[in-house]
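Here's the structure we're looking at; comments come further down.
The values are calculated or read from the model by the stated rules, or taken from the named source; none is laboratory data. Just so we're clear, the structure is a prediction, and the values are computed from it rather than from any experiment. Heads up, the Cβs are rebuilt from the backbone with ideal geometry, glycines too, and the neighbour counts pull from every protein chain shown.
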Ligand SMILES: Nc1ncnc2c1ncn2[C@@H]1O[C@H](COP(=O)(O)OP(=O)(O)OP(=O)(O)O)[C@@H](O)[C@H]1O
């Protein structure tokens, strides 16, 4: 499989402070990759360098086979952006906005098809300013994918969404990924979003990548000990074990088939993430 993104030894300093401190990153074509990290970790700086909006101080960067700093117009057509600050086309309708952006591309998707894809057909004639926050974000996605990008950048796409809107948005991203094998680089502060959407996640802190893996395997998660908890003689008990099934069987033998308040908990992606970035839990 070819790499959509290949980064080696990326560095960026701002007036004395180091924002990106030797990042290596590979993202395969068709992959959904989530970049996670605390505020100020270097996510936006890294992503803006990949998008060609920021110059690096050192390192090699290849995005869709080209150096974003010297990339061609054709290269830019292959990139889709959904940035944190939404486009302000508030006085135009949804359809006008999408058609407006379609003109920038040599081979855009049909505007109606994209509006349908993002679930805004019923709102196609509505002014963008009359839409809810979540609906506006869908307009941003429509603009991001109108040019048939091979690589889509999503910067904190669901901040401020209610739970239902987030789930709808995730379904849309999965659809985009499945339909056209669009490569997606997502930054997010929501661990459940990364877990649901991403094939792999990378954790960055203080400008360095700490770990890259599938959400299930990150930081040794798949082999981490489970915590078994229950109540015995009115007292809460917990046990950490690599063999929770055996522990439950032993408890059932001792306490009967219904073990009071039994729970078996494996570390969540959030537990692993907080552990990696060294945050007290
Ligand atoms: N234009 C700039 N000038 C000076 N320092 C900057 C600039 N942009 C970012 N920084 C600094 O670089 C570091 C990394 O910032 P960056 O925005 O890349 O982090 P981030 O991981 O995207 O954070 P967040 O999750 O808060 O968006 C921070 O310490 C930030 O203060």
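Mind checking whether some residue in segment 124-134 is in contact with a strand residue (DSSP E or B) (Cβ under 8 Å, 6 or more places away or on another chain), farther than 16 Å from residue 166 by Cα and not in a loop (DSSP other than H, G, I, E, B)? Yes, the conditions are met somewhere in segment 124-134.
For segment 269-278, a residue qualifies if it is surrounded by 13 or more Cβ atoms within 10 Å (Cβ to Cβ), in contact (Cβ under 8 Å) with a residue 60 or more places away in the chain and out of contact with any helix residue (DSSP H, G or I) (no Cβ under 7 Å at 6 or more places or on another chain), and exactly one does: 277. With respect to the stated conditions, residue 62 is part of a strand (DSSP E or B), surrounded by fewer than 18 Cβ atoms within 10 Å (Cβ to Cβ) and away from the ligand (no atom under 16 Å from the Cβ).
Is segment 68-83 home to any residue that is within 14 Å of the ligand (Cβ to nearest atom) and either under 30 Å from residue 275 (Cα atoms) or surrounded by fewer than 19 Cβ atoms within 10 Å (Cβ to Cβ) (or both)? Yes, segment 68-83 contains at least one residue that is within 14 Å of the ligand (Cβ to nearest atom) and either under 30 Å from residue 275 (Cα atoms) or surrounded by fewer than 19 Cβ atoms within 10 Å (Cβ to Cβ) (or both).
The listed residues are 242, 263, and the only one of them that is within 31 Å of the chain's Cα centre (by Cα), at pLDDT 95 or above, more than 18 Å from residue 190 (Cα to Cα) and exposed (fewer than 13 other Cβ atoms within 10 Å of the Cβ) turns out to be 263.
Screening segment 150-257 for helices (runs of 4 or more DSSP H) wholly inside it with 3 or more residues that are under 30 Å from residue 120 (Cα atoms) and either within 16 Å of the ligand (Cβ to nearest atom) or without any contact (Cβ under 8 Å) to a residue 40 or more places away in the chain (or both) returns the ranges 163-180, 191-197.
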